[in-house]
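The values are calculated or read from the model by the stated rules, or taken from the named source; none is laboratory data. For clarity, every value in this text was computed on a predicted model and none was experimentally measured. Counting neighbours? That spans all protein chains shown, and the Cβs are built from the backbone with ideal geometry, glycine included. In case anyone asks, the SASA skips ligands and DNA or RNA and just uses the protein heavy atoms, side chains included. Shrake-Rupley method; radii C 1.70, N 1.55, O 1.52, S 1.80 Å.
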Amino acid sequence: LRRLDVVKAGAGTGTVSGSPSGISSDINCGTACSADSAAYIINTLVTLTAVPDAVNAFTGWSGGGCHGTGPCDMTMDTVKIVTAMFIIKGDINLDGTVNLADAILALQAFVGLNSPGIQTDYATLGTDVNGDNKIGLAEVIYILQKAAGMR
């Protein structure tokens, strides 16, 4: 058997699931856990899938040969540790909360100011809430609503 450890990182929440299930144990790491593990028969092909909760974003895999944001396929030929990163949408400075500091950074980006606290890869980091790969009015409004408790 080969052990697979899945670790969740970041302030966001989501679910990581593994397939196939039933070989030894299915990886199903819900919102309350930070890590889970399973043992698979040597050379089993395992697929990990990450799904963020509604106001979060899955920003990618690291370790175990996984990368990107799509499903991760791996052959269990060695012990592997894979990290799944989830962030909170609108958390522009990645401090784990959406607050007025994020709104200020969003407004600065919206008017063209480049503050050192603004993340540059908006789509990958989940700060782009409407999918246009920029920080604009939609992000400013979303962040202000989130900070005010309206979302």
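Just checking, how many residues over segment 19-46 are assigned to a loop (DSSP other than H, G, I, E, B) and at pLDDT below 85? Reasoning before the result, please.
So in segment 19-46, the residues assigned to a loop (DSSP other than H, G, I, E, B) come out as 20-27, 30-34, 41-44.
Filter once more, so that each one left must be at pLDDT below 85: 20-27, 30-34.
Adding up the residues that qualify gives 13.
Quick check: is even one residue across segment 72-82 touching a helix residue (DSSP H, G or I) at 6+ places or on another chain (Cβ under 6 Å) and open to solvent by 70 Å² or more (accessible area, probe 1.4 Å)?
So far as segment 72-82 goes, no, none of its residues is touching a helix residue (DSSP H, G or I) at 6+ places or on another chain (Cβ under 6 Å) and open to solvent by 70 Å² or more (accessible area, probe 1.4 Å).
Out of all the residues in segment 50-68, which are of a type in the set (S, T, N, Q) and at pLDDT 90 or above?
The initial filter retains those residues of segment 50-68 that are of a type in the set (S, T, N, Q), namely 56, 59, 62.
Passing the criteria: only Ser62.
Mind checking which residues of segment 88-132 are at pLDDT below 75, among the hydrophobic types (A, V, I, L, M, F, W, C) and under 15 Å from the mean Cα position of the chain (by Cα)?
Passing the criteria: Ala123, Leu125.
Report, by residue number, each residue of segment 60-71 that is small (Gly, Ala, Ser) and open to solvent by 50 Å² or more (accessible area, probe 1.4 Å).
Matches in segment 60-71: Ser62, Gly65.
Considering only residues that are of a type outside the set (Ser, Thr, Tyr) and surrounded by fewer than 19 Cβ atoms within 10 Å (Cβ to Cβ), which ones fall in segment 31-59? Before the answer, list the steps.
Here is the first cut: in segment 31-59, the ones of a type outside the set (Ser, Thr, Tyr) are 32-33, 35-36, 38-39, 41-43, 45-46, 48, 50-58.
Across segment 31-59, the qualifying residues are Ala32, Cys33, Ala35, Ala39, Ile41, Ile42, Asn43, Leu45, Val51, Asp53, Ala54, Val55.
Across segment 48-83, what is the total count of residues that are part of a strand (DSSP E or B) and under 17 Å from Arg3 (Cβ atoms)?
To start, the set of residues in segment 48-83 that are part of a strand (DSSP E or B) comprises 48-52, 56-62, 72-75, 80-83.
Right, trim to under 17 Å from Arg3 (Cβ atoms) and you get 48, 72, 74-75, 80-83.
Result for segment 48-83: 8.
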